[in-house]
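For reference, the structure discussed in these notes is given below.
The values are calculated or read from the model by the stated rules, or taken from the named source; none is laboratory data. Because the structure is predicted, anything quoted here is derived from the model rather than measured. Every residue, glycine as well, gets a Cβ built from its backbone with ideal geometry; the counts of neighbours run over all protein chains shown. For the accessible areas, the whole protein counts, side chains as well, though only heavy atoms, and no ligand, DNA or RNA atoms are used. Shrake-Rupley method; radii C 1.70, N 1.55, O 1.52, S 1.80 Å.
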Amino acid sequence: MASRAPLLAVAVLVAAALLPATASAASYRVGDDSGWDNGVDYDAWAGGKKFKVGDTLEFLYSEGFHNVVVVDAASYAACAIPGNAPTLTSGDDRVALRQAGQWFFICGVAGHCESGMKLAVNVH
């Protein structure tokens, strides 16, 4: 009786080839070793990175001292928090970039966004 191992190997390779591109999604720690904190240049951090649909942003910060608010472009520019904006507060927040386009994040603690604690990324 012939072995089924070669057939199984081919089936696994075909299945892997058919997986969506998000299977190779990247995870980015926002701010690298500095995390989500005051005094980090988030424009420079995001510069040169190619964010793709399926990637994840990880915001690490001291719980109770910062937060992450997902906002629109106008709120980002004004450092304003809309009433319906999703606000993350765990200190270890992960945001899956599930659609292409611009994504905007700010710290909602008074004065933090104004001092530069905000991030804009373009997802392809």
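Listing for the model above:
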| quantity | calculated |
| --- | --- |
| Count of the stretch 33-72 residues which are polar (S, T, N, Q), more than 18 Å from VAL123 (Cα to Cα) and surrounded by fewer than 17 Cβ atoms within 10 Å (Cβ to Cβ) | 3 |
| Qualifying residue in the stretch 12-24 (condition: surrounded by 10 or more Cβ atoms within 10 Å (Cβ to Cβ), of a type in the set (A, V, I, L, M, F, W, C), at pLDDT below 95 and under 19 Å from GLY101 (Cα atoms)) | no |
| Positions within the stretch 96-114 being open to solvent by 70 Å² or more (accessible area, probe 1.4 Å) and in a strand (DSSP E or B), in sequence order | GLN102 |
| Contacts under 6 angstrom Cβ, first residue in the stretch 101-116 being charged (D, E, K, R), partner open to solvent by 40 Å² or more (accessible area, probe 1.4 Å), 6 or more apart | none |
| Some residue of the stretch 73-84 being at pLDDT 95 or above, closer than 26 Å to SER24 by Cβ and open to solvent by 20 Å² or more (accessible area, probe 1.4 Å) | no |
| Test result for ASP93, closer than 30 Å to SER24 by Cβ, under 17 Å from the mean Cα position of the chain (by Cα) and crowded, with 16+ Cβ neighbours inside 10 Å | yes |
